[in-house]
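Chemist: The following block contains the structure, expressed as structure tokens.
The values are calculated or read from the model by the stated rules, or taken from the named source; none is laboratory data. The structure presented is a predicted model; accordingly, all values stated were derived computationally and were not measured. Reconstructed Cβ throughout: ideal geometry from the backbone, glycine too, with neighbour counts over all protein chains shown. Side chains are part of the model used for accessible areas, which takes the heavy atoms of the whole protein and leaves out ligands, DNA and RNA. Shrake-Rupley method; radii C 1.70, N 1.55, O 1.52, S 1.80 Å.
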Amino acid sequence: MRPALLHHIHQLADDDLPAYVYDLPGLREHARTIRTALPERVELLYAAKANSDPRLLQALAGHVDGFEVASGGELRHIRGLFPDAPIAFGGPGKTPAELDQALDAGVKRLHIESEHELRVLSAVLGERTADVLLRVNVPVVLGSVALAMGGKPSPFGLDPAQLDPCLDIVASDQRIRLRGLHVHLASGLKAAAQLALAEEVLAWAGHWARQRGIDLAEVNIGGGMGVDYARPHKMFDWPAFGAGLRRALARHPHLTLRIEPGRSVTAYCGWYVTQVLDVKFSRGQAFAILRGGTHHLRTPAAKQHDQPFEVIPDDSWHRPWNRPEARDEPVTLVGQLCTPKDILARRVMVDRLRVGDRIAFAMAGAYAWNISHHEFLMHPHPTFHHVDDVEVPVPDTYACRTS
Ligand SMILES: *Cc1c(COP(=O)(O)O)cnc(C)c1O
């Protein structure tokens with residue numbers, strides 16, 4: 001953990017805990033690394049659903065080409081913060097009202113999930129026009145991945161056979177412009193696998209377009225770049241991925257390629273900081289009970305993993321009895337919820353863990369607070385801190401990346 005963050009965490013009072021602490025300079029640096037690794041012709045959108053905290057979005061705004069949203073709520077949120085940012089609106093089950101809202105908000109791309117959705121769009125268009133990508137469940141064979149959205153029966157996107165009826169609709173409606181295809185098939189891939197998938201998708205898309213006599217201008221290959229919670233320092237290899245995309249793009253000289261990662265962008269900038277309330281032994285096994293729990297940080301429950309953490313020792317102990325502790329043994333870290341599922345890390349070796357010590361859970365910047373069931377048991381919400389030791393002016397409007 002960076003010293004500035006550690007310093008901030010030391011300053012927090014017990015009653016400030018649990019706390020979400022966000023590393024804004026770290027996020028900017030990470031986003032810069034990603035952008036730098038990508039070829040110029042690759043547009044980088046951030047998938048807002050990973051974490052739509054306004055300060056994080058503002059830190060990202062100068063480094064991404066726009067945002068991907070998946071609901072009317074996210075669309076309103078992003079538009080409110082960045083009046084001019086390019087937005088792509090995807091996701092299944094868009095309501096007629098959301099499509100109408102998207103057209104009024106001037107979204108740059110609509111990702112169409114089904115023939116019916118395309119017909120609804122046509123019905124609500126009126127005088128307006130729409131630029132669309134058809135989302136396809138491209139027939140690829142996916143190995144084992146954390147989350148598979150395609151390559152098998154799936155509620156996401158269109159089967160290839162359903163594309164032709166969509167082409168007929170587009171051909172009969174001048175207001176709808178087909179720009180290309182969208183393919184988001186899997187989450188949790190390493191760079192080499194992600195690249196192989198991208199190449200397969202591009203080859204398939206190029207073949208499909210040639211067969212149909214379509215000028216394929218754009219392909220969005222989605223997000224899902226892997227984040228390894230068991231090895232926090234093993235990050236997605238953006239330079240290798242970028243170099244591979246550059247090679248792949250050489251075979252498609254007129255194509256604009258777009259990616260829309262979420263988790264791999266913001267996961268690392270967030271810390272969930274809490275405190276050991278109790279240490280106890282049950283049939284010989286050590287348990288540490290922490291302030292808060294999976295109602296604040298649902299990620300380890302949702303993904304069934306051990307959330308990585310650092311222990312921040314606190315030496316102040318003023319009680320007249322022995323301080324409960326675990327030493328050199330595996331400890332299970334649990335929260336305050338009355339359910340056996342409230343586990344943040346299971347039987348992880350610690351040197352020493354005492355009541356009063358602080359625990360900083362790493363990689364809590366994406367799919368963390370915003371996917372958690374906050375109201376369960378009515379515990380207080382955490383406090384939120386955006387640490388910005390490098391004073392960088394926060395843009396109040398979205399500045400488009402100029403290159
Ligand atoms: C969730 C989602 C993303 C982002 O996925 P990550 O795994 O967070 O990178 C991108 N595109 C679509 C269509 C999604 O549903």
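Chemist: Hey, if we sort Thr332, Thr129 by accessible area with the 1.4 Å probe, largest down, what's the order?
Modeler: Greatest to least solvent exposure: Thr129, Thr332.
Chemist: Put a dot 7 Å past each Cα toward the Cβ at His207 and His116; how far apart are the dots in nm?
Modeler: Here the modelled spin labels are 3.0 nm apart.
Chemist: Tell me, what HN-Hα J-couplings in whole Hz come from the Karplus equation 6.51 cos²θ - 1.76 cosθ + 1.60 at θ = phi - 60° for each residue of the stretch 361-371, using x for Gly and Pro?
Modeler: 7, 7, 6, 10, x, 9, 6, 10, 3, 6, 10
Chemist: How many nm separate the modelled label positions at Asn370 and Asp159, each set 7 Å beyond the Cα in the direction of the Cβ?
Modeler: That separation, rounded to one decimal, is 3.4 nm.
Chemist: Pop the C-beta distance of His233 and Thr129 into the FRET formula with R0 = 60 Å and round what comes out to the nearest 0.05.
Modeler: About 0.80, to the nearest 0.05.
Chemist: Let me ask you something else. Collect residues whose amide H, placed 1.01 Å from N in the peptide plane, falls under 5 Å from the amide H of Asp237; neighbours closer than 5 in sequence don't count.
Modeler: Ala191
Chemist: Evaluate 2.2 N^0.38 Å with N set to the residue count of the chain, then give the Cα radius of gyration divided by it.
Modeler: 1.08
Chemist: While we're looking at this one, here's another question. Helices from the chain with mean Kyte-Doolittle at least -1.0 and a Cα length along the axis of 27 Å or more, per DSSP H: which?
Modeler: For the chain, where a helix must reach 27 Å along its axis and average at least -1.0, the hits are 191-212.
Chemist: For Asp351 and Gln11, compute 0.36 nm times the residue count separating them, minus their Cα-Cα distance, and round to one decimal in nm.
Modeler: 120.0 nm
Chemist: Provide the convex hull volume over Cα atoms per residue for the stretch 90-261, in Å³.
Modeler: Considering the Cα atoms of the stretch 90-261, their hull volume per residue is 123 Å³.
Chemist: Using helices alone, what [θ] at 222 nm do you get for the chain, with -39,500 (n - 2.57) per DSSP H run of 4 or more residues, divided over all residues and rounded to the nearest 500?
Modeler: Mean residue ellipticity, 222 nm, calculated: -8500 deg cm²/dmol.
Chemist: Here is a further query. Please express the shape of the stretch 268-402 as an equivalent ellipsoid: the semi-axes are the square roots of 5 times the eigenvalues of the C-alpha gyration tensor, given largest first in whole angstrom.
Modeler: Whole-Å semi-axes of the equivalent ellipsoid: 31, 18, 14.
Chemist: Could you tell me the extents of the stretch 1-159's C-alpha atoms along the three principal axes, largest first, rounded to whole Å?
Modeler: 56, 41, 37
Chemist: Can you tell me the FRET efficiency between Ala243 and Arg177 if r is taken as the Cβ-Cβ distance and R0 is 35 Å, rounded to the nearest 0.05?
Modeler: The calculated FRET efficiency here is 0.60.
Chemist: Roughly how many nanometres apart are two label points built 7 Å out from the Cα toward the Cβ at Phe281 and Lys190?
Modeler: According to this spin-label approximation, the distance is 4.0 nm.
Chemist: Compute the signed sum of charges (Lys and Arg +1, Asp and Glu -1) over the other residues within less than 11 Å, Cβ to Cβ, of Pro308.
Modeler: Charge balance near Pro308 sits at -2.
Chemist: Could you tell me which residue out of Gly270, Pro165, Ala88 lies farthest along the dipole of the chain toward its positive end? Charges go on the beta carbon: Lys and Arg +1, Asp and Glu -1, centred on the Cα centre.
Modeler: After comparing all options, I get Pro165.
Chemist: Gap in Å between the Cα centre of the stretch 109-133 and the Cα centre of the stretch 353-373?
Modeler: If you average the Cα positions of each part, the centres end up 41 Å apart.
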